[in-house]
1. R82 - would you say it is surrounded by 14 or more Cβ atoms within 10 Å (Cβ to Cβ), among the charged types (D, E, K, R) and at pLDDT 90 or above?
2. Has segment 96-105 got any residue that is in a strand (DSSP E or B) and either of a type in the set (D, E) or touching a residue at least 40 places away in the same chain (Cβ under 8 Å) (or both)?
3. I need every pair where a residue in segment 59-72 that is more than 13 Å from P39 (Cβ to Cβ) has its Cβ under 9 Å from the Cβ of a residue that is of a type in the set (D, E, K, R), sequence separation at least 6 or different chains.
4. Could you list, ordered by first residue, the pairs with Cβ atoms under 8 Å in which the first is in segment 26-41 and farther than 16 Å from D79 by Cα and the second is part of a strand (DSSP E or B) and of a type in the set (S, T, Y), at least 6 apart or interchain?
5. Of all residues being of a type outside the set (S, T, N, Q), at pLDDT below 95 and in a strand (DSSP E or B) in segment 68-79, which is farthest from the chain's Cα centre (by Cα)? Just the residue, please.
6. Scan segment 24-63 residue by residue and report those that are β-branched (V, I, T), in a loop (DSSP other than H, G, I, E, B), surrounded by fewer than 20 Cβ atoms within 10 Å (Cβ to Cβ) and modelled with pLDDT of 90 or more.
Amino acid sequence: MKRGDIIIVTHADFGKPRPAVVVQADEFNESPTTILVCPITSEITEKLPLRPIIGANPGTGLRERSQIMTDKMLTLRRDRVRGTLGSIEATTGNQLDRALLLILGLAR
């Protein structure tokens with residue numbers, strides 16, 4: 001797994017497996033135990049800059065237009081990862097970076 005990959009994860013709060021984007025820097029992906037992700041939802045909240053939109057296409061592996069929930073970022077044990085669907089595009093990656101700077105209070 002690498003940063004920007006869209007993976008399927010399980011978590012007690014989700015109730016069912018759901019897609020998520022890996023946001024952890026690649027140099028930290030060697031950790032054998034955990035991974036930092038942002039869940040993805042197909043329930044779109046328009047005009048919310050903290051939640052970048054991802055298109056449904058073969059590259060992402062998503063079936064519906066979706067949103068990255070940067071405001072719900074979490075760390076999961078790697079045994080909660082069920083597989084990889086695809087990856088986000090460069091434009092979406094830039095939007096994700098800007099949203100993460102805002103949500104973490106690092107934007108100046």
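The values are calculated or read from the model by the stated rules, or taken from the named source; none is laboratory data. For clarity, every value in this text was computed on a predicted model and none was experimentally measured. Reconstructed Cβ throughout: ideal geometry from the backbone, glycine too, with neighbour counts over all protein chains shown.
1. Numbers: surrounded by 14 or more Cβ atoms within 10 Å (Cβ to Cβ): no; among the charged types (D, E, K, R): yes; at pLDDT 90 or above: yes.
Against the criterion (surrounded by 14 or more Cβ atoms within 10 Å (Cβ to Cβ), among the charged types (D, E, K, R) and at pLDDT 90 or above), R82 does not qualify.
2. Step one: of segment 96-105, the residues in a strand (DSSP E or B) are none.
No: zero hits.
3. The qualifying pairs are G59/E89; T60/E89.
4. Listed pairs, sorted by first residue: I40/S66; T41/S66.
5. Of everything passing the filter in segment 68-79, R77 is farthest from the chain's Cα centre (by Cα).
6. Matches in segment 24-63: I44 only.
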